[in-house]
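Data first, discussion second: the structure below is written as structure tokens.
What follows draws every value from the coordinates through simple rules; no lab data is involved. All of these numbers come straight from a predicted model, not from anything done at the bench. Quick reminder, even Gly has a Cβ in these numbers, built from the backbone with ideal geometry, and neighbours come from all protein chains shown.
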Amino acid sequence: MAASHCGISEVEIPVKPIQNEPKGEPSTAFFSSGTREQVDKRLQALARSVLTKQPESHAGMAGAVLPAEFIDLAIVLSIPVSRLLQYSDSLTILAEMCRLLIRRGDAGYLKLVQGLAHKIFELARARRESAPQFHLFRGIAGIGLGHVEIGVRNVSTGLMEDTTVPIEPADQCLGYWALMSAAVRGRDIPRAIQLAEKWREAAKVGHLEIERFRSRLALRIFDLLLGDRENFSDPARPLSTEAPGEWRQVAEVLDKWTVSTLAGAPATISEFTEPSPLFLGFDWLRSGRMSFRDLALEDFGILCRLRWEWCDPKVAAALTADELVNCANLAAHWELPGFLRQIETVLKERDPDGYIRFSMGRVLGRAAVESLTRPSEGSGPEAVTHDDMILWVMDVRGYTMLAEGWPAEQNFKLLNEGSGGIV
């Protein structure tokens, strides 16, 4: 499975003790900075704070070198560890900056996180302390920058670090959020759901309501992709009624998708702005006009866009057989059996031969199917046939034990359920 390439399924991640926070106002700047503007403002304040600290031994930087309006955050990387050692809160400030930079999510910010993570490691080593945040922040930034396998291993190490200091709820939420995003990159939706549940549980225990709601948004997207109506079929509880102010627009978009799915009716896909990335390193819904040639990209945003548009019966009716095959390939690659069956049903009615080629190609490979169905060439002996036939050899686990006492009709019923009704 593709997800194993990212290391997600290879690493067991135990749940560490979560440091409970009292209910009420969040204790960190990370959770009190809801919008991008608030994050940028808080980052500037933290950078100015660490740059203008004045230990009793000398005057320090004292603001003389700082611009009045804007600080290049990279200047923090130039502060020597010997200077940071003079302040008891240096690790706290650097860690808070990493959290905010991760929340911002842009590539430039994530590269800065990698530099600050190394600064945290150097500072912790000088104090002879463990530095689980080094692995965690470095790994999260790596996943966001596309270095998924090493990023997953670093995040997993950060979450499993043997330390007497309980991991911060903010850090545990960030870790599971990053691992969930890595699982999506690996096209492993079931694993992504498991990690999103861990993310939600960490937020619940830490009384971090915004993170808990963000995890619900991600889980709703997965449910919509899988067609799991049991988890979103209560129209009396739309997400937007419970959304924090800055996330209401995103919640309204998902509510529209939910209603469209339940009603089997079209809905306009409206533009929206996320206060911070819901997934690390990629968008979850392709905006603008979608071309069906984009389906070959196997992009998550394109998948979500197609799944939503498929709610409109007119979309399937307007597609050519080749475009339907492209849609079916996308659903198959993302292992969405319910969605795949919907596409195959339309393809089977529109182009039975194309449906057979697609179904057999998934088992034998496209080249093998083309070889089997290509007309023979040359002057070999003539073969007399009465019907076209393809022999499909299939290994069904436990089939002999199940079917040896069944009548033929029951055997064919079982095989048709697994093959889409072509036996």
Order of 75, 193, 167 from fewest to most other C-beta atoms within 10 Å? 75, 193, 167
Roughly how many nanometres apart are two label points built 7 Å out from the Cα toward the Cβ at residue 107 and residue 145? 1.1 nm
Mind giving me the FRET efficiency for residue 349 and residue 298? R0 is 25 Å, r the Cβ-Cβ distance, nearest 0.05 is fine. 0.45
Extended-chain gain in nm, criterion 0.36 nm per residue less alpha-carbon gap, residue 127 and residue 362: 78.9 nm
Amide H within-cut-off set for residue 167, under 5 Å, with H built and near neighbours excluded: 19
So how far apart, in nm, are the two label points at residue 283 and residue 320 if each is 7 Å from Cα heading toward Cβ? 2.6 nm
What is the calculated FRET efficiency for residue 49 to residue 252, with r their C-beta to C-beta distance and R₀ = 35 Å, to the nearest 0.05? 0.40
Restricting to lysines and to Cα separations under 29 Å from residue 314, and discarding same-chain partners fewer than 8 apart, the set is 256, 348
Added length on full extension, which subtracts the Cα-Cα distance from 0.36 nm per residue, residue 416 to residue 85: 112.3 nm
